[in-house]
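Structure first, commentary second.
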Protein chains: 2
Amino acid sequence: MIQNYEGRKRVVIENVIPQVECGAYPAKRTINEPCTVEADVFADGHDVVQARLAFRQAGKKQWQYKPMQFLINDRWSATFTPTTEGDWEYTIQGWVDHFLSWQHGLKKKFEDNQDVSVELQIGRQLMEEGASRLTGKEAKRLTKLMNQFSDTAEQATAVALAQDRELTELMYSTHDKNQDVKQYEKILGLKVERERARFSSWYEFFPRSAAAEPGRHGTFRDCIRLLPRISEMGFDVIYFPPIHAIGEKNRKGKNNATNASEGDVGSPWAIGSRLGGHKSIQQDLGSFEDFEALVNEAKNYGIEIALDYALQCAPDHPYVQEHPQWFKWRPDGTVQYAENPPKKYQDVLPFNFENDDWQNMWKELKDIIDFWVARGVKIFRVDNPHTKPFAFWEWMIAAVQKKNPEVLFLAEAFTKPRVMERLGKVGFTQSYTYFTWRETREELEEYMNDLTKTEVREYFRPNFWPNTPDILPPHLTHGDEAAHISRMILAATLSSNWGMYGPVYEFGINKPMPAKEEYVDNEKYQLHHWDWNRRTRISETIARINLIRKENEALQYTNNIVVSQADNAHLFTFAKKSPVGNNIVIVVVNLDFRWKQAGWIKVPLAELGLPNHLNYRVHDLLSGHTYHWQNEWNYVELEPSTMPAHILQLEAPNIS
Amino acid sequence: MIQNYEGRKRVVIENVIPQVECGAYPAKRTINEPCTVEADVFADGHDVVQARLAFRQAGKKQWQYKPMQFLINDRWSATFTPTTEGDWEYTIQGWVDHFLSWQHGLKKKFEDNQDVSVELQIGRQLMEEGASRLTGKEAKRLTKLMNQFSDTAEQATAVALAQDRELTELMYSTHDKNQDVKQYEKILGLKVERERARFSSWYEFFPRSAAAEPGRHGTFRDCIRLLPRISEMGFDVIYFPPIHAIGEKNRKGKNNATNASEGDVGSPWAIGSRLGGHKSIQQDLGSFEDFEALVNEAKNYGIEIALDYALQCAPDHPYVQEHPQWFKWRPDGTVQYAENPPKKYQDVLPFNFENDDWQNMWKELKDIIDFWVARGVKIFRVDNPHTKPFAFWEWMIAAVQKKNPEVLFLAEAFTKPRVMERLGKVGFTQSYTYFTWRETREELEEYMNDLTKTEVREYFRPNFWPNTPDILPPHLTHGDEAAHISRMILAATLSSNWGMYGPVYEFGINKPMPAKEEYVDNEKYQLHHWDWNRRTRISETIARINLIRKENEALQYTNNIVVSQADNAHLFTFAKKSPVGNNIVIVVVNLDFRWKQAGWIKVPLAELGLPNHLNYRVHDLLSGHTYHWQNEWNYVELEPSTMPAHILQLEAPNIS
């Protein structure tokens, strides 16, 4: 139907980015993190086109505007910076600007010595029309300029007045209510979270191993005593494996033995027993008061306690009796345990998300989060989210964040790329990654490009971990101290979010179970005693790195990475520049944990917005040394037993 | 709202291609051209997922289905072939297949020597549920197989029966009506046009220059006499510049002189005079009867007459008096002519598409097309579509094709890439391209990749022209016969749609206007006499090439191109394989028009679906020679004065 066409709006707006799945999901930013929007904006013919970015907090009626800058090939760009947590919206508007077309044409014709008297009359008409769309002071100013323009007898003067800056700006402002302004057909969403969504340092440990003396079950009170130590290392999130009552039925023994022996504490991921479920606290850890004391005391150190959200039940979890319809039952009357044939996980029951009572189940599962949020927990590490439906996460995270936008979710998904990406789209704040298995320069570069140079950058925030209780990669097993330091530096500088399973890492423990990439005598199944007073060169370097991260905004972002070149394949180098301010950091890591490596690395000056010919100083934030460098290619050597990396702050005359 | 979620449908369907601008516009195919659809389909957890392609003619209720094949990384693919002209639709469906999950799990557990008696009971339940969803013969067959399975005493036999192929197929068919089948949220469109949309050979000439004897204005009757000649050269579209009454006011003279002299015929693009407008015929060309005779006689040769659709008016076009509101008027009471400041085009008035009467104007402009369609014209070459609003084209083309899906539109747009692409999206069948200015191997390869390896391939059908009345590229000016042959072979083999401004090309005329890339004494502004009896080596090669195109399906497609390598930078080589059948053609062109060039070229055997180690024959369809080749790299030499190209048909033992 011809009536469905806006026949007189000639502008086309296409290919707007960021745009996640055609706008089905929001892009993500944190408070005060700039959001650059690009679009193709053009019209038929040769008229001048203008474009602007419109943005607002969701729920507000009025748009705020930013004029877009023309880049090349009909591509335009503008940046806005969301200032509050929650949902924001943006779209693009464009119009054919007859005043600017006239302005440009007039100048060209006059310079071509054509008589422009009729053109001057046309200009007067355009200005009159513009003035009629303005009110008050602005209308008056435009009318004054218009009269000056048309009162001029000299064509040359009139042509000059037509190019007046104030006149141009006033005429631009007449488009605010112009019916011929075309708006992009979609309003796109931006999900804005607090800064810790983008910049965080996680320390994982088992609170039951927090005791100062061997043989005793650790408590939350013990954890409080560890806060100064963890704070000195610069972490701002402490993540605990599940703290709930542990199933007694089919409990696992040490080193994942099928049957527990007397006194075995079991896996905390086998949640629930006669003593309670996901809203309980395992009684040896302490009381709710103890837990809240820990949460509050941590807050004084700038540290948050993150809990584990593991949607599975021990066979003796109260849910099994209270809501049998939420589980799968076998023809022999037994409940279905988790399995990945032929493997069986008999201490754990999955929820059956296809059950008819799914709505009540979803609500109860969300209620677990609300329960802990009410007790001061604002960050959840979600266990295996990829084995529960995406629709559940989409609903649950949105429902929680609607009331509590400060709540963050880390997806513990080590699975196929599309699945990991989808979890980011449906709402997870951060995600575990493949970093742990990316070792060579090529692997690291390719992975960083996948994460930061594709649409993935808009919705998937990586969190790099060199190890977890489940993962002891071979390079740590074989690599000792330099390997631990090198991998930790990579994690903490490549990604603005990083974390580690702490005690084993600090103490350089790297003994695997036979033929497995997993720690032997794993804390998952037994208590451990740690000498919490001990400091190592690894823990000192961790403290140094986290401090460097706090002092260098460039390292507080991930998408700003520029991977660069080196003439020695063992050297991996990249640079980061803060989106706001001028902080520039260059990282060089020797990927060979054993031998000194030296060579020339390229500082990507052009990508950092610097001239290719430049004298500058780089200050190594790890060693304290300063080097005088010149142009792009410069020499480095790294002895892993001393320090396997440089973290160089670039100081140039125009960089302060 | 939780109710808005399909909580039990666990499958995710994403990134479906082809998909033009998030589904806003249809992809394009021709009748019987396969359409391969890909999608990411996956679910949470470890269950087996299945996916299928659903497709139908638009307006039909029932979907047809094709099972999708798993590729890698959750990517699936299936192909359907539209069999009729008009709009088609497709989407993707997916489901978690509990039967297949059970089947795989059962096998693994049995092989692990576990007792599977409960699993066998679960299988029985699944089959019962499946049988309840089938009717008639199928339900009976499934019940029979189910009973055989559960009557079996031996576990080993039951496990074997569970894998039965017929059982598996019957269980697959139970998903036709399964409520847990998830459908992709969009239904995507496919616009299917007749074959000539994809495979066409165009010959442009000015009918007024068709006279057999010098000095006389050519007529449609003269054109009829030229049909055998044009047919022998293998063309199937004859395109005429506008055939309407030519404006008398501000008429242009020879070589674009501002003022016509007595007897000057004017530019046919200055349409309309007291003698009529876009629905008139310039009286010297003949009558409507003559025109229809030409259209009908051409049809006997398998040739269609394409008309020019040029939306502009001479100052004396009847529209200017009848519909003054469709034009722009200047303050001095004169009508606005076309301009690109400081240039003026005073013989031509543009329509003002922003006028208030735009709906009536759109309808009248569409009526021009309908008028000529009623007189047998089914192809229109549209003059400068990029200077008229995209919304108009979108509406007009859809409205015309709704009644006459056989009508095709070629966009004469030589402008910015996003604008050219947009015209393809909004409905143009084909478009002119940048081919004319792509000369080196790198330029040709990059351009072919832009056109055929990006989303552009789905909606933008290139039509390659080595020249037009407006464009005489320097390589033709400086290159003589070998250049004409080489560029024509490139156009006709790189692109399945190609065309030429014929007489000048055949006769190797290449004299430019001083300092311009345009023919001197251009037919646009004057009559020309051609010796229509003359044959040249160029015209003979044209005939040969068009015959080769007709006999080799591989050359009837463009997106199937595989550009390959050569060790001599002057040699450009590529291969094409027909999507249906096994026709393979390898083209090698010497881009140096002057000197013999020789070297090794790589036949991309793997991309053509052939083994890397292969003995095969290639038959040069230009020279008639046959060569025995081996593996990928083979030697060629091309002497431009003999023939600047090979067009090699590949004959291998398994290629017939």
Quiz prompt | log10 of Debye I(q)/I(0), alpha-carbon scatterers only, for the range B:172-229 at 0.16, 0.21, 0.31 Å⁻¹ | solution = -0.76, -0.89, -1.20
Quiz item: Other chains' Cβ within 10 Å of A:66-79 residues: what's the mean?
Solution: 1
Quiz prompt | Where no second cysteine Cβ lies under 4.7 Å, the cysteines concerned in chain B | solution = B:Cys35, B:Cys223, B:Cys313
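Looking at the range A:243-392 only, what percent of DSSP beta bridges run antiparallel? Nearest 5 please. If you can, show how the numbers build up before the last one.
Values: 8 of 12 bridges.
Rounded to the nearest five, the antiparallel share is 65 percent.
Counting partner chain Cβ atoms within 10 Å of every residue's Cβ in B:1-13, what's the average? Before the final figure, lay out each step's value.
Numbers: counts 2, 11, 1, 2, 8, 2, 12, 8, 3, 7, 2, 8, 0.
Per-residue shielding by partner chains comes out at 5.
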Quiz prompt | Restricting the range B:565-656 to GluC sites (Glu not before Pro) in coil, as DSSP defines it, with at most 14 other Cβ within 10 Å | solution = B:Glu607
Quiz item: When the Cα centres of the range B:16-69 and the range A:327-350 are compared, how far apart do they sit, in Å?
Solution: 36
Quiz item: Distance in nm between label sites at B:His478 and B:Glu439, each 7 Å beyond Cα in the beta-carbon direction?
Solution: 0.5
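Identify the trypsin sites (Lys or Arg not before Pro) of the range B:20-95 meeting these criteria: DSSP loop state and at most 14 other C-beta atoms within 10 Å of the C-beta. Provide the component values of the computation, followed by the final result.
Values: sites: B:Lys28, B:Arg29, B:Arg52, B:Arg56, B:Lys60, B:Lys61, B:Arg75; in loops: B:Lys60, B:Lys61.
Counting only loop positions with at most 14 other Cβ atoms within 10 Å, the trypsin sites (Lys or Arg not before Pro) in the range B:20-95 are B:Lys60, B:Lys61.
Show me the ranking of peptides B:145-155, B:441-451 by mean Cβ neighbours inside 10 Å, starting with the highest.
Averaged packing, sorted descending, gives the order B:441-451, B:145-155.
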Exercise. Starting from the Cα of B:Arg534, move 7 Å in the Cα-to-Cβ direction to define the label point; list residues of the range B:209-246 whose amide nitrogen is under 15 Å from there.
Key: B:210-215
Quiz item: Antiparallel DSSP bridges in the protein assembly as shown: what percent, to the nearest 5?
Solution: 75
Quiz item: How far apart are the B:Glu138 label points across copies, placing each 7 Å from Cα toward Cβ, in nm, shortest first?
Solution: 6.4
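Within 10 Å of each Cβ in peptide A:390-396, how many partner chain Cβ atoms are there on average? Round it to a whole number, please.
On the way: counts 6, 11, 5, 1, 1, 5, 1.
Taking all residues of A:390-396 together, the mean is 4.
Find the relative contact order for chain A and round it to a whole percent, using C-alpha pairs within less than 8 Å whose residues are 6+ positions apart. All intermediate terms of the calculation are to be shown ahead of the outcome.
Values: 1310 pairs, mean separation 67.5, N = 656.
Relative CO of chain A lands at 10 percent.
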Quiz item: Alpha carbon centre of the range B:381-451 versus the range A:432-464: separation in Å?
Solution: 39
Exercise. Between chains A and B there is a rotation axis; tell me the chain A residue with the nearest beta carbon and how many whole Å away it sits.
Key: A:Cys22, 2
Quiz item: Counting alpha carbon pairs within less than 8 Å and at least 6 residues apart, what relative contact order, in whole percent, applies to the range A:472-558?
Solution: 39
Exercise. Using the structure shown, select from A:Lys279/A:Lys524; B:Lys254/B:Lys366; A:Lys66/A:Lys137; B:Lys366/B:Lys402 the pairs with a Cα to Cα distance greater than 24 angstrom.
Key: B:Lys254/B:Lys366
Practice problem: Do me a favour and compute the ellipsoid semi-axes for the range B:55-130 from its Cα gyration tensor, root of five times each eigenvalue, largest one first, whole Å. | Solution: 38, 16, 8
Quiz item: Relative to the longest principal Cα axis of chain A, at what angle does helix A:117-133 sit, 0 to 90 degrees, rounded to 10?
Solution: 50
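In percent, what relative contact order does the range A:364-428 have, based on Cα pairs under 8 Å that are 6 or more apart in sequence? Walk me through the intermediate numbers first.
Working: 61 pairs, mean separation 27.7, N = 65.
The normalised contact order for the range A:364-428 reaches 43 percent.
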Quiz item: Which of the peptides A:134-141, B:424-431 is most tightly packed, and how do the rest follow, going by the mean number of other Cβ atoms within 10 Å of each residue?
Solution: B:424-431, A:134-141
Self-check item: Under 16 Å from A:Lys425, Cα to Cα: lysines that are on another chain or at least 8 residues apart
Solution: A:Lys28, A:Lys191, A:Lys388, A:Lys416
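Mean residue ellipticity at 222 nm from the helices of chain A, using -39,500 (n - 2.57) per DSSP H segment of n ≥ 4 over the full residue count, to the nearest 500 deg cm²/dmol? Working shown, then result.
Working: 15 runs with 187 residues, N = 656.
Value at 222 nm, helices only: -9000 deg cm²/dmol.
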Practice problem: For B:Thr440, go 7 angstrom from Cα along the Cα-to-Cβ vector, then report the distances to that same point in the other copies in nm, smallest first. | Solution: 3.2
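Count neighbours as other Cβ atoms within 10 Å of each site's Cβ, and list the chymotrypsin sites (Phe, Trp or Tyr not before Pro) in the range B:567-605 that are DSSP loop with at most 12 such neighbours.
On the way: sites: B:Phe572, B:Phe574, B:Phe593, B:Trp595, B:Trp600; in loops: B:Phe593, B:Trp595.
Counting only loop positions with at most 12 other Cβ atoms within 10 Å, the chymotrypsin sites (Phe, Trp or Tyr not before Pro) in the range B:567-605 are B:Trp595.
At a 10 angstrom cut-off on C-beta neighbours, averaged per residue, how do the peptides A:488-497, B:529-538 rank from highest to lowest? Mind dumping the intermediate values first?
Numbers: A:488-497: 25.6, B:529-538: 14.2.
Final packing ranking: A:488-497, B:529-538.
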Exercise. Along Cα-to-Cβ, 7 Å out, sits the label point; list in nm, shortest first, how far the one on B:Arg537 is from those in the other copies.
Key: 7.8
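Just so you know, all these numbers are worked out from the coordinates, no wet-lab data involved. Please read all numbers here as calculations on a predicted model, not as lab measurements. Neighbour counts are summed over all protein chains in view; Cβ atoms, including those assigned to glycine, are modelled from backbone coordinates with ideal geometry.
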